[in-house]
Every structure is written in C-alpha cells, then in structure tokens.
Amino acid sequence: MKKVLLSLLFAVLLVSCGSDEGKINTDLVNNPASATESANKKESKIEFKVMEHDFGKIIQGEQVSYTYKFKNTGNAPLIITAVEKTCGCTDTKFPKDPIKPGGEGSISITYDSKGHKGFQNKRVIVKANTNPSETILKFKAQVQTIDNF
C-alpha cells in the first residue's frame, strides 16, 4: 500500500512539475546586470556631482536652498518622474523635460526650518527611468534658536 501511495504521489509531482501553468515569462524580466544583456541596450544613467549637502548652522525659521547638479551619463534620454520629499518642510524643483545623453540638469531643494530645532537630517528621493529607479539625495542642518547662535 505504501508503494502504491508513493508511486501515485511521485506521478502527481512529475505531472505538475512539467506544467507551464503559473510560470513567469522570462521576457518580462529586464536585469541589465545579467550575462546575456546586449551591449547595445539603451539606458539612462543619472550621476550627481554631490549626493549630500550640509547647510551647517542655521537660525530656526530660516529657509535655505541648495541645487544638486547631475549629468545623464547613459545612452538614452533621462526622464525624472518625481522627486519625493520625506518632510513637509522641503520644496523641490526638477526638470520635467527629458535630459539627452550627455546632458546636464539640476534639482533644487528649499528647506524651511520653521518649527525645527537641533540636528536635522533630511532626504529626497529622485525617481527616474534609471537602474535603480530611485536615487536618494541627503541634506542636513544644525537648527539653532537665535539665543544659541
């Protein structure tokens, strides 16, 4: 009886393993780091001159700005779809038009220190048609009241 059940179980497993049902089509996977990638693949790449900025000591309530400069070092147009801020105290400006290969652009941030105190470490997330699709830019400041400045 054990042999019959084991044989039946083995047959079921063999049949189910040969089925294509539930398998993912590998054409949907795009991994540029794979060994089979074509050298002619068009891909945009974003390269920042500075990834983190330190505003140093600022007075509480002060608004400070910085511009992160970048270059498209890829061989396809770079499209920035969003620049997400992690705090309501930050405003961003970024190019809406595609950046051609070899082209340059900038992302401006403005930080409002109103209501903040002490060491602040913030970030913005740049979303684009790159691999990886997200790039994190950071900035920090030491927010002091006018008494302690």
Qualifying position, being among the aliphatic types (A, V, I, L, M) and surrounded by fewer than 17 Cβ atoms within 10 Å (Cβ to Cβ), among Ile136, Ile109, Ile99: Ile136
Hey, does the range 11-33 have a residue that's assigned to a strand (DSSP E or B) and at pLDDT 55 or above? no
What do you reckon, is Gly61 without any contact (Cβ under 8 Å) to a residue 24 or more places away in the chain and over 25 Å from Asn131 (Cβ atoms)? no
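Conditions (1) exposed (fewer than 13 other Cβ atoms within 10 Å of the Cβ); (2) at pLDDT below 95; (3) of a type in the set (Ser, Thr, Tyr); (4) assigned to a strand (DSSP E or B), marked per residue:
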position	(1), (2), (3), (4)
Thr81	yes, no, yes, yes
Gly88	yes, yes, no, no
Pro95	no, no, no, no
Ile125	no, no, no, yes
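The values are calculated or read from the model by the stated rules, or taken from the named source; none is laboratory data. Just so we're clear, the structure is a prediction, and the values are computed from it rather than from any experiment. A quick note on method: Cβ atoms are made from the backbone with ideal geometry, for glycine too, and the neighbour counts reach across all protein chains shown.
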